[in-house]
Amino acid sequence: MEKRIIKIDKIDKIDKIDKAKETKHYWERNNIGQAIIDLLIKEGKNLKSLTIEDLALLDHFHAGGKGATIRLAKLANLKKGMKVLDVGGGLGGAARTLAVDFGCQVTTIDLTESYVEAARMLTTMLGLNNQVKHYVGNALDLPFDDGSFDVVWTQNSGMNISNKEALYNGFYRVLQKEGLLVFQEPMAGTVYPPIFPVMWATDSSDSFLLTQSEMRKLIEKAGFQMQDWNDITEKTSMPNSINKNTIQYLIMGEQLKLILESNHRNSNEDRVVMVQAVFHRL
């Protein structure tokens, strides 16, 4: 199969797959990279000697932040030299953590151009271009050869995708045999529906959560066998108050107040649960 290279200024098929146009519009934030830099300067960070710790509150948008990334990587027992595809890699916080703390070679793909632009900028500033690459693209149309990766990694990126069968079939395709599928994902609890807004959607038209049982069956049907499955809802609960010096506030703004209120209800009433899991490809 001929490998397709994605360029920042050319996005193949993005507007044709699984509501991608609406999802991209929801997440797009112009100049998010500069907003991060401005906040780093405000906090007195030396831009010439940035570390992944300096960026931790500003490049890990997923629930649980960098701590959740470290926990998931240890759960999967990631090793130096592993080739990782981070799907929905966003601003690159997880990818850079996997590179620095675990020695992985990481490729990210994300639908949102402004995030990828920011991710490239931050990766360059940390001197990690030899270990981490960022591309724009759609999770349902992965532009990589069969069996290209040792690990497919994804944190909080499938909530806007309704065609999860195609998503996990794609993950299976790009993984080597016995490769690892490593993910963190919100799922539907025992009470339906979730309270909106949530971080990924203002209403149910853009939110597609399955129950834990449904997710396991779907992933196993795609050709994976479960190694670990952990409900980490309590460990990833959001704070009660807003911290304006975080990526959550930079992206969501004052809407974050309502999102925090919904999040606590969803967790306390078992409407949304957070799961970390590891599967291997059969």
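No value in this document is a laboratory result; all are computed from the given coordinates. Note that the structure is predicted; figures quoted are calculated from it, not measured. In this analysis, Cβ positions are derived from the backbone assuming ideal geometry, glycine residues included, and neighbour counts consider all displayed protein chains.
Using label points projected 7 Å from each Cα along Cα→Cβ, tell me how many nm separate His25 and Glu234, to one decimal.
4.2
At 7 Å along the Cα-to-beta-carbon direction for both Asn243 and Ala35, put a label point, then send me their distance in nm to one decimal.
Label-label distance for Asn243 and Ala35, simple model: 1.7 nm.
By count of other Cβ within 10 Å, fewest leading, how are Ser267, Ser205, Ser241, Ser157 ordered?
Going from least to most buried by this count: Ser241, Ser205, Ser267, Ser157.
Between Ser49 and Thr124, what length comes free when the chain is fully extended (0.36 nm per residue of separation minus the Cα-Cα distance, one decimal in nm)?
Gain on stretching Ser49 to Thr124: 25.8 nm.
If the limit is 21 Å between Cα atoms, which of Lys66/Lys235; Lys24/Lys235; Lys66/Lys133; Lys133/Lys177; Lys24/Lys80; Lys21/Lys217 go over it?
Violating the 21 Å Cα-Cα cut-off are Lys24/Lys235; Lys133/Lys177; Lys24/Lys80; Lys21/Lys217.
Based solely on its DSSP helices, what 222 nm [θ] is calculated for the chain when runs of n ≥ 4 H residues each add -39,500 (n - 2.57) and the sum is averaged over all residues, nearest 500 deg cm²/dmol?
Taken over the chain, the calculation gives -11000 deg cm²/dmol.
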